1. Is there a residue being surrounded by 24 or more Cβ atoms within 10 Å (Cβ to Cβ), within 20 Å of His342 (Cβ to Cβ) and modelled with pLDDT of 95 or more anywhere in the stretch 85-98?
2. Name every residue in the stretch 224-242 that is over 30 Å from Ala458 (Cα atoms) and touching a strand residue (DSSP E or B) at 6+ places or on another chain (Cβ under 6 Å), in order of residue number.
3. Does any residue of the stretch 367-380 turn out to be free of Cβ contacts under 8 Å to residues at least 12 places away in the same chain, within 24 Å of Gly256 (Cβ to Cβ) and away from the ligand (no atom under 16 Å from the Cβ)?
4. Surrounded by 21 or more Cβ atoms within 10 Å (Cβ to Cβ) and among the basic types (Lys, Arg), is that true of Arg82?
5. Please name all residue pairs, on different chains or six or more residues apart, with Cβ atoms under 6 Å, provided the first residue is in the stretch 506-524 and is under 12 Å from Tyr21 (Cα atoms) and in contact (Cβ under 8 Å) with a residue 24 or more places away in the chain and the second residue is part of a helix (DSSP H, G or I) and among the small types (Gly, Ala, Ser).
6. What strands (runs of 3 or more DSSP E) completely inside the stretch 1-103 contain at least 1 residues that are more than 30 Å from Val414 (Cα to Cα) and within 15 Å of the ligand (Cβ to nearest atom)?
7. (1) farther than 20 Å from Ala402 by Cβ; (2) within 16 Å of the ligand (Cβ to nearest atom): which one isn't true of Leu279, the others all being true?
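The values are calculated or read from the model by the stated rules, or taken from the named source; none is laboratory data. Everything numeric here is computed off the predicted structure, so don't read it as measured data. Please note: Cβ atoms are built from the backbone with ideal geometry, for glycine as well, and neighbour counts cover all protein chains shown.
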Amino acid sequence: MQAPPGLRGEFRTDDVARALYSEGAGIFRIIPQAVAVPKDVEDLALLVRWATAEGVALVPRGAGSGMQGGNVGPGVVLDLTRACRDAPLVEREARMVRCGASITCRSLNDAAQPYGLHLPPDPSSGAFCTMGGMAATNAAGAHSVKYGTMRRWVRALEFVTADGEIGCTAGEPTRAEERFRRDVAPAIRGRTAELAGAAPRTPKNSSGYALDAFASSGRTTDLLVGSEGTLAIFTAVEVALAPLPAERTTLLVTLGSLDQVGPAVLALRPLSPSALELLDRTYLDFVRGAAQRRLAPGTEAVLLVEFEGSAQEAAVAVRGIATSVELAEDATTVGRLWELRHLASPILASLPDNLRSLQVVEDGCVPPEKLARYITALRAAAKDTGFEIVIFGHAGDGHLHANLLADLEAPDFVARLAACLERVTAEQLALGGTPSGEHGDGRLRAEFVERTFGPLYADLCRRTRAAWDPAGVLNPGVKILEAGERRALDAGALKIGPHAPGLPPGIAAKLREVERSAAWGTFRLELA
Ligand SMILES: Cc1cc2nc3c(=O)[nH]c(=O)nc-3n(C[C@H](O)[C@H](O)[C@H](O)COP(=O)(O)OP(=O)(O)OC[C@H]3O[C@@H](n4cnc5c(N)ncnc54)[C@H](O)[C@@H]3O)c2cc1C
């Protein structure tokens, strides 16, 4: 493949460069045809015009920390981290900030902090994930129970469309948006109630396009947030900010039975906690060695509950439900309690290669009152398919992260992974939930969108995509598939197991080190 004529940035087709972009977080390894690193937004627009004219698939990519497989693909991987670097510009009075799409969440918050402001969606990946990636996945974090997900905070997006036009949701519509507003938006608006009824009844959702949100707000921004690089490539974001809380207190609530999870969460939610996190027994067993504190024998789950004010009322609310309640008001004790929650990621990332932590059913979200049933179903599905499981997450939103621990030397583990994915997805949908609370559909869950939302909603998603990107060059195979298309987990597209695509010497180890040390912010071409 030849570089697009006139491109000023890098365009690499050598084996090493392609291998360096074959993985992100998550389970996939797909070697792209080429890697492009545009220099600026004009360079990006030129590249997209070329791709559309030549019918070349593009895979937009920020830090590559997304777990759903939307940041890898067989086409040209587009590293945006050199093109969209405008520094954050904070407007204190308006409580807004505008920045380039490749600015990290942490850098944005560092710029906002001196004004006493911050962006409330706070992924644990904030140190390295980009604002473009966060908008594209409708990312969130522990504070979404009070502050919602990215969609609530994004005010405007600047982007390049599949036509290669540079646009902004706060400006004149591009041709892509005109096509969408002419050909699809009337059908969406005419079906507002049906679409709302088809969407999962969960506090968070990053699955499917947000047709329901667009139908009620009419804002193109609402539609584009969560589109995972399939409708437009974001070049800059404008987000609202909130005042930094003056005070934080935390409750540690110990529960002796899963049956108490639902009542405890329902008792705490009305008190407006700023975080309501769950550590399941599977998690507590897993971190036991590294944890400083000892929990009472028979503990089935722990809730960490944060308030931006006093937690006294909450301590009273769970009396009679909890086995024990511990209140922490000073910063040191609060920090110590949260250590328990933060132990997971580093331990999971550094497990030995014969016991890898895999993100396959890692992001389901159900109505909060059904959490206990969901946890029971997750534990049973893992057991029956032969995996250990580690469950933790955002209980206040009914949203759980569940990592499967797989022995890669065991036979047929890919078939068992697929069986576990199928079974857990069926459970999520039966409970009225969604397969993705915050990570998105990507390649992993694209095939479940029609099952989650039904044929009408899925058809409108396909028409939305076709209006924005008629040539189908923006991240094909991600987010939504063609009608009737099914995509089983392909052992030859995974970074694990005997069928993983081979990489040039040393590259797999370098990519594994990125994963182990969470060095997602590393410019991949530098690794060579
Ligand atoms: C240790 C760890 C912890 C995590 N914790 C959280 C968490 O708490 N909450 C959470 O929500 N997620 C979490 N994630 C997942 C991930 O960090 C988020 O999805 C993040 O928003 C991805 O940002 P990124 O820049 O890495 O995007 P990528 O991984 O590069 O891309 C993700 C998706 O967005 C698209 N995309 C990226 N940039 C653009 C752009 N400029 N324009 C259009 N499309 C684009 C890609 O095509 C892809 O589909 C975690 C990941 C890791 C590894």
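1. If we filter the stretch 85-98 for residues that are surrounded by 24 or more Cβ atoms within 10 Å (Cβ to Cβ), which is where we start, we get 97.
Those left that are additionally within 20 Å of His342 (Cβ to Cβ): none.
No, the stretch 85-98 has no match at all.
2. Looking only at the stretch 224-242, we keep the residues that are over 30 Å from Ala458 (Cα atoms), and these are 240-242.
Ala240, Leu241, listed by residue number.
3. Within the stretch 367-380, the subset free of Cβ contacts under 8 Å to residues at least 12 places away in the same chain is 380.
Subsequent filtering for residues that are within 24 Å of Gly256 (Cβ to Cβ) retains 380.
Subsequent filtering for residues that are away from the ligand (no atom under 16 Å from the Cβ) retains 380.
Yes: one or more hits.
4. Details: surrounded by 21 or more Cβ atoms within 10 Å (Cβ to Cβ): no; among the basic types (Lys, Arg): yes.
Criteria not met by Arg82.
5. Matching pairs, first to second residue: Ile507/Ala19.
6. Values: elements: 10-12, 34-37, 58-61, 76-79, 89-91, 96-100.
It comes to 34-37, 96-100.
7. Against the list (1) farther than 20 Å from Ala402 by Cβ; (2) within 16 Å of the ligand (Cβ to nearest atom), Leu279 comes up short only on (1).
Every residue, every condition in (1) within 20 Å of the chain's Cα centre (by Cα); (2) buried (at least 24 other Cβ atoms within 10 Å of the Cβ); (3) at pLDDT below 95, yes or no:
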position	(1), (2), (3)
Ala381	no, no, no
Gly396	yes, yes, no
Asp407	no, no, yes
Val414	no, no, yes
Glu422	yes, no, no
Arg445	yes, yes, no
